[in-house]
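Below is one structure, written out as structure tokens; comments come after it.
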Amino acid sequence: MQGERSITTLSEHACFGGVQGYYQHDSEETGTPMKFGVFVPLQAKTGPVPVLFFLAGLTCNEETFAIKAGAQQHAAEHGLILVTPDTSPRGTGVAGADAAWDFGTAAGFYLDATAAPWNKCWRMGSYVRRELRALVMQHFNAREDRVGLFGHSMGGHGALTLALNNPGLYQSVSAFAPIAAPMRCPWGVKAFSGYLGDDPHAWERHDATELVKAGARVPSLLIDQGLADKFLAEQLQPDLFEAACLEAGQPLTLRRHAGYDHGYFFISTFMADHIAHHARFLHAA
């Protein structure tokens with residue numbers, strides 16, 4: 001992308017000494033208006049600070065994490081910008097986009113669709129990796145060389161795969177209850193079939209387990225998983241990812257927590273640990 005791209009401020013709110021804002025811009029990648037949230041800590045007033053992107057899960061939007069996760073207080077402590085994109089383009093006019101909660105609107109899976117009609121607008125991989133990143137660097141006091149990525153569920157899948165597919169782009173990575181082996185679960189098969197077509201070989205670069213098996217690597221990973229998560233056995237399958245990492249030598253800390261489910265009470269409980277994990281990498285010399 002060339003030159004300065006404009007954004008519109010929708011609202012800004014004082015928060016833990018910094019500012020939580022919501023913004024909108026016209027996206028070249030999706031061809032639609034896209035909204036996103038940014039928390040800027042007080043430290044950014046005196047110089048550029050690292051930036052941490054969070055990718056939300058199915059049915060969520062740019063506000064979900066900012067409102068529910070309790071992350072701003074920890075980002076303020078560690079001096080990190082937090083960025084929360086929406087989970088898909090909206091208002092595309094594509095037939096069937098709103099027909100299901102786990103495909104189409106609010107279910108972009110953080111990849112670039114190759115199958116029609118989704119390939120026109122559903123380009124969330126390039127949107128997060130390139131377009132939104134560039135906007136944040138242009139309009140906020142962020143360090144381009146210190147960028148982290150984490151997410152939840154569908155967004156945990158996105159964090160893992162975007163980092164694994166783009167070595168060196170992200171200096172820290174973590175996930176909450178990620179869809180860790182999407183080629184082997186109903187959510188993943190449905191999304192990949194619709195967005196990428198029927199050839200399973202085209203799916204492999206969007207499956208974190210397969211990417212690790214193929215040799216992709218990222219900085220040491222932190223993953224938290226609740227054992228009372230109703231999606232654990234059928235949809236998430238962290239054991240497959242853990243086994244692949246162990247065999248490949250990919251550093252991974254996978255923590256399992258009795259009694260915790262798939263929601264934001266779980267996420268907020270362990271948010272301080274994740275922010276601290278990213279801060280260790282992003283503030284490293």
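The values are calculated or read from the model by the stated rules, or taken from the named source; none is laboratory data. Bear in mind the structure is a predicted one, so any value in this text is a computation, not a measurement. Note that each Cβ is placed from the backbone with ideal geometry, even for glycine, and that neighbours are counted across all protein chains shown. Ligands, DNA and RNA are excluded from the accessible area calculation, which covers all protein heavy atoms including side chains. Shrake-Rupley method; radii C 1.70, N 1.55, O 1.52, S 1.80 Å.
Of note:
- Any hit, the stretch 7-22, residues being assigned to a strand (DSSP E or B), in contact with a Ser or Thr (Cβ under 8 Å, 6 or more places away or on another chain), without any contact (Cβ under 8 Å) to a residue 40 or more places away in the chain and under 22 Å from Phe150 (Cβ atoms): yes
- Phe265 falls short of the stated requirement of being aromatic (Phe, Trp, Tyr), open to solvent by less than 10 Å² (accessible area, probe 1.4 Å) and out of contact with any Gly (no Cβ under 8 Å at 6 or more places or on another chain).
- The set of residues in the stretch 136-169 being closer than 13 Å to Leu52 by Cβ, open to solvent by 10 Å² or more (accessible area, probe 1.4 Å) and among the aliphatic types (A, V, I, L, M) consists of Ala142 alone.
- Scan of the stretch 69-89 for residues that are closer than 21 Å to Met137 by Cβ and either in a helix (DSSP H, G or I) or over 11 Å from the mean Cα position of the chain (by Cα) (or both), ordered by number: Ala71, Gln72, Ala75, Ala76, His78, Gly79, Leu80, Ile81, Leu82
- Qualifying residue in the stretch 71-83 (condition: farther than 19 Å from Asp273 by Cα and modelled with pLDDT of 95 or more): no
- Residues within the stretch 33-47 that are surrounded by fewer than 23 Cβ atoms within 10 Å (Cβ to Cβ) and touching an Asp or Glu at 6+ places or on another chain (Cβ under 8 Å), tallied: 2
- Looking only at residues of the stretch 173-218 that are β-branched (Val, Ile, Thr) and in contact with a strand residue (DSSP E or B) (Cβ under 7 Å, 6 or more places away or on another chain), we find that the one that is surrounded by the fewest Cβ atoms within 10 Å (Cβ to Cβ) is Val173.
- Ala97 vs. criteria under 24 Å from Leu162 (Cα atoms), at pLDDT 95 or above and open to solvent by 30 Å² or more (accessible area, probe 1.4 Å): no
- Taken as a whole, the structure places Asp273 among residues that are touching a Leu at 6+ places or on another chain (Cβ under 9 Å) and assigned to a helix (DSSP H, G or I).
- For the stretch 64-91, the set of residues classified as open to solvent by less than 40 Å² (accessible area, probe 1.4 Å) and among the β-branched types (Val, Ile, Thr) consists of Thr64, Ile81, Val83, Thr84, Thr87, listed by residue number.
- Residues that are aromatic (Phe, Trp, Tyr) and touching a residue at least 60 places away in the same chain (Cβ under 8 Å) within the stretch 252-285 comprise Tyr264, Phe266, Phe270, Phe281, listed in sequence order.
- The condition (being under 19 Å from Ala76 (Cβ atoms) and among the acidic types (Asp, Glu)) is satisfied by just one residue among Asp273, Asp224, Asp239: Asp273.
Residues are listed down the side, and each one gets a yes or a no for (1) hydrophobic (A, V, I, L, M, F, W, C); (2) at pLDDT below 95; (3) more than 19 Å from Ala100 (Cα to Cα):
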residue	(1), (2), (3)
Cys185	yes, no, no
Val189	yes, no, no
Ser193	no, no, no
His206	no, no, yes
Val212	yes, no, yes
Leu227	yes, no, yes
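- The conditions of being in contact with a Ser or Thr (Cβ under 6 Å, 6 or more places away or on another chain) and either of a type in the set (Val, Ile, Thr) or touching a residue at least 24 places away in the same chain (Cβ under 8 Å) (or both) are met by Cys121.
- Meets criteria (outside any strand (DSSP E or B), modelled with pLDDT of 95 or more and closer than 19 Å to Met34 by Cβ) for Leu135: yes
- Residues in the stretch 48-57 that are open to solvent by less than 20 Å² (accessible area, probe 1.4 Å) and part of a loop (DSSP other than H, G, I, E, B): Ala56, Gly57.
- Restricting attention to the stretch 232-262 and to residues that are open to solvent by 50 Å² or more (accessible area, probe 1.4 Å) and hydrophobic (A, V, I, L, M, F, W, C), the residue that is nearest to Gly168 (Cα to Cα) turns out to be Leu246.
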